[in-house]
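Laboratory data are not the source of any read-out in this text; all were calculated from the coordinates shown. Values in this document were obtained by computation on a predicted structure and should not be read as measured data. As a convention, Cβ positions derive from the backbone with ideal geometry for all residues, glycine included, and neighbour counts pool all protein chains shown.
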Amino acid sequence: MKNTLEKTKNIMRINNIKANKRFGQNFLIDDNILENIVKSAEITNNDLVIEIGPGLGNLTEYLLEKAAYVILVEIDNNMINILNDRFKNNNNNYILLNNDILKVNVDEIIENIENKLNRKFEKIKVVANLPYYITTPIIFKLLQNENRINEITVMVQKEVAERIVAKNKTKDYGILTLMVNYLGTSDIKLIVPNNSFIPAPNVTSAVIKITKNKRFTVKDEELLFKLIHSSFAQRRKKIINSLESTKFLNMSKPELEKLFNECNISLNARAEELELQDYIKIVDIIANK
């Protein structure tokens, strides 16, 4: 056992550092949870792993033992020297980038690392304790824009994890559910109590694993995403009314009603009642016209 709690206290004391609320920092100090995150990600010595927001490096320590190479992306300048000092004896199997994950081209970074190492990685995985305030934008970016990433195993707020795996006709079902379902498959691996962190957040957390795996085809992907966002813009309304008020493709209410009749979807349906295949059907019929 690594005794991560004591290491964390020592690092924070020596560096006179506290968790930065601006970056949503909560340092994970439970070794059982850290071990189980790495197990859930099924990391092997053939994998390239990307860690977002390594902070003090508690999860990093576990990742460096298992992965072939680790890319660390850390926005907080105060953490850079701490991380470099903590892992200075590692066998050059990581790179530390002081940057904002939302502003970097991950595929480009991967290509640069492969050129540097003169090897091609088949499996590229994101493993991270995500800052909760920007969880959704990060997940969307990794799923939609970064083609080389295969799997995403991340700590998120428990409510967010429940939204990702929600079933239709429930309150948790929404844009995040549909987007992740279209782009991959997801599974909650661990529930993590707040006393697993310093400082303890006010919420319970969960580790969710998303495997990028498109199982559906649609004639216009961009239109599908637009339809989903417009449909949930006013989720208490009937979906037709929501689409009309958000001016979806500037379609009139009679046009929308005709479209829904063609799709065999109730004119009284609300956004959370439709399954992904229903949204795809709507888009495909529009695309055919």
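Show me the ranking of peptides 209-217, 152-160 by mean Cβ neighbours inside 10 Å, starting with the highest. Each step should come with its number before you reach the end.
Details: 209-217: 14.0, 152-160: 21.9.
Highest-to-lowest ranking by the protection proxy: 152-160, 209-217.
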(message) Taking semi-axes √(5λ) of the Cα gyration tensor in Å straight from the coordinates, which label in [x] 34, 23, 17; [y] 40, 21, 15; [z] 42, 18, 17 is the correct one?
(response) [y]
(request) May I ask you to evaluate 6.51 cos²θ - 1.76 cosθ + 1.60, the Karplus curve with θ = phi - 60°, for each residue of the stretch 92-103 and list the ³J(HN,Hα) values in order in whole Hz, giving x for glycine and proline? (result) 6, 9, 8, 10, 10, 10, 8, 7, 9, 4, 6, 10
(message) Students often check this: by mean Cβ neighbours within 10 Å, which of 174-181, 91-98 ranks highest, and how do the rest follow?
(response) 174-181, 91-98
(message) Going through the cross-link list K103/K125; K21/K141; K9/K209, which pairs have a Cα-Cα distance over 26 Å in this structure?
(response) K9/K209
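How large is the helix-only mean residue ellipticity at 222 nm for the chain, computed as the sum of -39500 (n - 2.57) over DSSP H runs with n ≥ 4, divided by its residue count, in deg cm²/dmol to the nearest 500?
Working: 12 runs with 120 residues, N = 289.
Rounded to the nearest 500, the figure is -12000 deg cm²/dmol.
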(message) Run the simple label-point estimate for D187 and N118 please: 7 Å along Cα→C-beta, distance reported in nm.
(response) 3.8 nm
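Quick one: compute the contact order of the stretch 151-259, relative version, from alpha carbon pairs under 8 angstrom and 6+ residues apart, as a percent. Present the calculation step by step, with values, prior to reporting the outcome.
Numbers: 145 pairs, mean separation 27.1, N = 109.
Reported relative contact order: 25 percent.
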(request) Enter the Cα centre distance for the pair the stretch 209-280 and the stretch 1-60, rounded to the nearest angstrom. (result) 40 Å
(request) Specify the angular offset, from 0 to 90 degrees and rounded to the nearest 10, of the alpha carbon long axis of helix 31-41 from the longest principal axis of the alpha carbons in the chain. (result) 50 degrees
(message) As I understand it, the value is the acute angle between the Cα axis of helix 4-14 and the longest principal axis of the Cα atoms of the chain; what does it come to in degrees, rounded to 10?
(response) 70 degrees
(message) Sort 37-45, 252-260 by the packing proxy (mean of other Cβ within 10 Å over each peptide's residues), most packed first.
(response) 37-45, 252-260
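What is the stretch 4-212's relative contact order, in percent, from Cα pairs under 8 angstrom and six or more apart in sequence?
Result for the stretch 4-212 is 21 percent.
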(request) Go ahead and run the numbers for FRET between N89 and I14, Cβ-Cβ distance against an R0 of 22 Å, rounding to 0.05. (result) 0.80
(request) Enter the angle in degrees (range 0 to 90, nearest 10) between the Cα long axis of helix 221-231 and the first principal axis of the Cα atoms of the chain, meaning the one along which they spread out most. (result) 80 degrees
